[in-house]
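The values are calculated or read from the model by the stated rules, or taken from the named source; none is laboratory data. What you see is a predicted model; the values in this text were computed from it and never measured. Methodologically, a virtual Cβ is constructed for each residue, glycine included, from the backbone with ideal geometry; neighbour enumeration extends over all protein chains shown.
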Amino acid sequence: MKKFFMLFAVLAVICQSCQTIPKGVEAVQPFNSEAYLGKWYEIARLDFKFEENLNNTTATYSLREDGKIKVINRGYNFKKEEWETATGKAKFVENPDVGKLKVSFFGPFYSGYNVIKIDDDYKYALIVGKNLDYLWILSRTPEIPLYIKDDYLKKAKQIGYDTSELIWVEHDKAE
């Protein structure tokens with residue numbers, strides 16, 4: 001019996017690490033994956049080590065031959081005074097009409113990337129990671145209307161995000 005509980009505990013830890021979306025949060029459905037492709041400007045984010053010291057950040061998504069999505073993240077490191085680029089891949093967790101994906105920039109290691117709010121024209125998106133440590137507001141342009149910003153912040157707060165920790169990204173450099 002003791003072995004059973006140890007096995008159950010190990011499986012619980014493994015399942016928790018496989019989580020791709022915060023508990024109680026749903027990805028956009030129906031999701032138009034083709035309309036989502038293209039360039040997005042990062043308007044705001046919860047900072048983490050892979051985007052530390054970056055502004056002028058963008059993400060460009062394109063379809064790969066294998067059905068996955070190519071991801072190119074680009075940003076200007078204002079401390080090093082140079083552009084940085086990271087190329088990765090994303091794949092749908094369920095199917096392409098659900099905005100629930102996993103993204104990888106490091107081989108077989110994936111993390112959650114979930115579109116939880118998007119406007120009808122696919123101009124503005126609210127993205128969350130696998131837990132409350134990851135949040136992005138994206139736009140097709142370097143600026144976002146105040147009513148969209150307020151709406152997305154309200155949604156993030158309802159989920160449990162501390163939006164006072166958001167970094168508001170500057171877009172003041174030409175690529």
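What are the residues in the range 70-110 that are aliphatic (A, V, I, L, M), part of a strand (DSSP E or B) and either buried (at least 16 other Cβ atoms within 10 Å of the Cβ) or in contact with a helix residue (DSSP H, G or I) (Cβ under 6 Å, 6 or more places away or on another chain) (or both), if any?
71, 90, 101, 103
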(Q) Of all residues being in contact with a helix residue (DSSP H, G or I) (Cβ under 9 Å, 6 or more places away or on another chain) and closer than 16 Å to residue 164 by Cα in the range 129-144, which is surrounded by the fewest Cβ atoms within 10 Å (Cβ to Cβ)? Just the residue, please. (A) 132
Q: Please state which of the following conditions residue 131 fails to meet, knowing it meets all the rest: (1) of a type in the set (S, T, N, Q); (2) in a strand (DSSP E or B); (3) touching a residue at least 24 places away in the same chain (Cβ under 8 Å).
A: (2)
Q: Scan 118, 127, 159 and give me the residue that is out of contact with any Pro (no Cβ under 8 Å at 6 or more places or on another chain), among the β-branched types (Val, Ile, Thr) and more than 22 Å from residue 50 (Cα to Cα).
A: 118
Q) Among the candidates 65, 34, 42, which residue alone is farther than 21 Å from residue 131 by Cβ, charged (D, E, K, R) and either outside any helix (DSSP H, G or I) or touching an Asp or Glu at 6+ places or on another chain (Cβ under 7 Å) (or both)? A) 65
**Q.** Filtered residue count, the range 117-128, keeping only those that are touching a residue at least 40 places away in the same chain (Cβ under 8 Å) and under 10 Å from the mean Cα position of the chain (by Cα)
**A.** 2
(Q) With the requirement that a residue be modelled with pLDDT of 95 or more and buried (at least 20 other Cβ atoms within 10 Å of the Cβ), what does the range 42-62 give you? (A) 42, 43, 44, 45, 54, 56, 57, 59
Q: Would you check if residue 173 is out of contact with any Gly (no Cβ under 6 Å at 6 or more places or on another chain) and farther than 23 Å from residue 56 by Cβ?
A: no
